[in-house]
Amino acid sequence: MMWTQRTWSELPKDLEGAGYSAILPVGATEQHGPHLGCGVDAVLADRLCAAVASKAQIPMLPALSYGCSLGHSRRWPGTLAIQPITLIELVKQIGDWAYYSGVRRLFIVNTHVGNAAPLRCALEMLRAEHDDLMVALFNSGTLSARVREVHFADADDWHANDAETSLMLALAPELVRREAIREADDPDRTMDLVFSHPVNRTSGNGVTGRPTLATTEKGRLWFDWMVEDLSALIRQGINETPPLDHSYFARHG
């Protein structure tokens, strides 16, 4: 169900079978501490959505590997950030062209916390332009209560923590430097703060949480949960209709 592998003559039938739905994975390329490669978010976006696309039989658009990572600062090499307005416009234009190809239900799956606000803006713009397009935004760390619990267990402002390290041990062990995990733990310093500070002022090494707790077994289990819970949300969305059938553009009368 990879969009890039389908022909223009095959996609209409694919979309019809999926309720005219498609998944757009959005990740990032950014530092993930001394023990994880910079592609964590991009890998997770691609692997999670590919698994769900197969399970739910829904076309998956190509994953975006660049995101709004400005909060990670320039303290550590590796981050390749784009401006919020760039991400907004990029996703808006992708959504427009997906619509022209027949998509009427777009599921945006975000694996980087900093993308959430720009993606919400793109969602608003797409809905306002296309009256019959429904757009959902899911953040990977909060797909369900159980997924949220494991992501936030060791840090509220988590990054490169137990959850992300465990997931990479299971999905992409080539991204993990096991010898560097032993000294990678860094505490969450964001409790009771008024401002949202960039990572250079909240973390000593780019990590927030306890990657020393990570295991491959936990990563496999948690990834299975994420696939199962996201698939359920998408299946629900494929069958959802608006509570009221009023045009966005028509005045009440």
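The values are calculated or read from the model by the stated rules, or taken from the named source; none is laboratory data. Computed from a predicted structure; not experimentally measured. Cβ placement follows ideal geometry from the backbone for every residue including glycine, while neighbour counts extend to all protein chains displayed. Protein only, heavy atoms only, side chains kept; ligands, DNA and RNA dropped before computing areas. Shrake-Rupley method; radii C 1.70, N 1.55, O 1.52, S 1.80 Å.
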Original post:
Which of these, His130, His35, His72, has the largest mean-square fluctuation under a Gaussian network model of the chain (Cα springs below 10 Å)?
Top reply: His130
Original post:
If you count the DSSP beta bridges with both ends in region 1-107, what percent of them are antiparallel, to the nearest 5?
Top reply: 10
Original post:
Could you give the angle, 0 to 90 degrees to the nearest 10, between helix 84-100's Cα long axis and the longest principal axis of the Cα atoms of the chain?
Top reply: 40
**OP:** Report Rg (one decimal) and Dmax (nearest whole number) for the chain, counting Cα atoms only, units Å.
**Re:** 18.8, 68
Original post:
Which Rg and Dmax, in Å, describe the Cα atoms of region 89-157?
Top reply: 14.0, 44
**OP:** Only bridges with both residues in the chain count here: give the DSSP antiparallel percent, nearest 5.
**Re:** 20
**OP:** Determine the relative contact order of the chain: mean sequence separation of Cα pairs under 8 Å and six or more apart, normalised by residue count, in whole percent.
**Re:** 22
Subject >> √(5λ) per eigenvalue of the Cα gyration tensor, region 74-202, largest first, Å >> reply: 32, 17, 15
Original post:
Across region 75-81, in residue order, what do the Karplus-derived ³J(HN,Hα) couplings come to in whole Hz, using 6.51 cos²θ - 1.76 cosθ + 1.60 with θ = phi - 60° and x for Gly and Pro?
Top reply: 5, 10, x, x, 6, 10, 9
**OP:** Write down the Å³ per residue value for the convex hull defined by the alpha carbon atoms of region 40-138.
**Re:** 89
Original post:
Relative to the Cα centre, what is the charge dipole magnitude of region 122-253, using +1 at the beta carbon of each Lys and Arg, -1 at the beta carbon of each Asp and Glu, and rounding to the nearest 20 debye?
Top reply: 140
**OP:** Collect residues whose amide H, placed 1.01 Å from N in the peptide plane, falls under 5 Å from the amide H of Asp186; neighbours closer than 5 in sequence don't count.
**Re:** Gly209
Original post:
With +1 on each Lys and Arg Cβ and -1 on each Asp and Glu Cβ, how big is the dipole of the chain about its Cα centre, in debye rounded to the nearest 20?
Top reply: 220
Original post:
Once phi is turned into ³J(HN,Hα) by the Karplus curve 6.51 cos²θ - 1.76 cosθ + 1.60 with θ = phi - 60°, what whole-Hz value does each residue of region 153-170 show in order, with x for glycine and proline?
Top reply: 4, 10, 5, 6, 9, 4, 6, 6, 8, 4, 4, 5, 5, 4, 4, 6, 4, 7
**OP:** Over region 141-248, calculate the relative contact order: mean separation of alpha carbon pairs under 8 Å at least 6 apart, over the residue count, as a percent.
**Re:** 35
Original post:
Using Cα pairs under 8 angstrom and six or more residues apart, how large is the relative contact order of region 37-133, in percent?
Top reply: 30
Subject >> Cβ-placed point charges (K, R +1; D, E -1), dipole of region 182-253 about Cα centre in debye, nearest 20 >> reply: 180
**OP:** Compute the label zone of Glu124 within region 74-110: residues whose backbone N is under 17 Å from the point 7 Å along Cα-to-Cβ.
**Re:** 84-93
Original post:
Roughly speaking, to the nearest percent, how much of region 32-85's 1.4 Å accessible area is carbon and sulfur?
Top reply: 57
Original post:
Any idea of the accessible area per residue across region 1-129, 1.4 Å probe, to the nearest Å²?
Top reply: 43
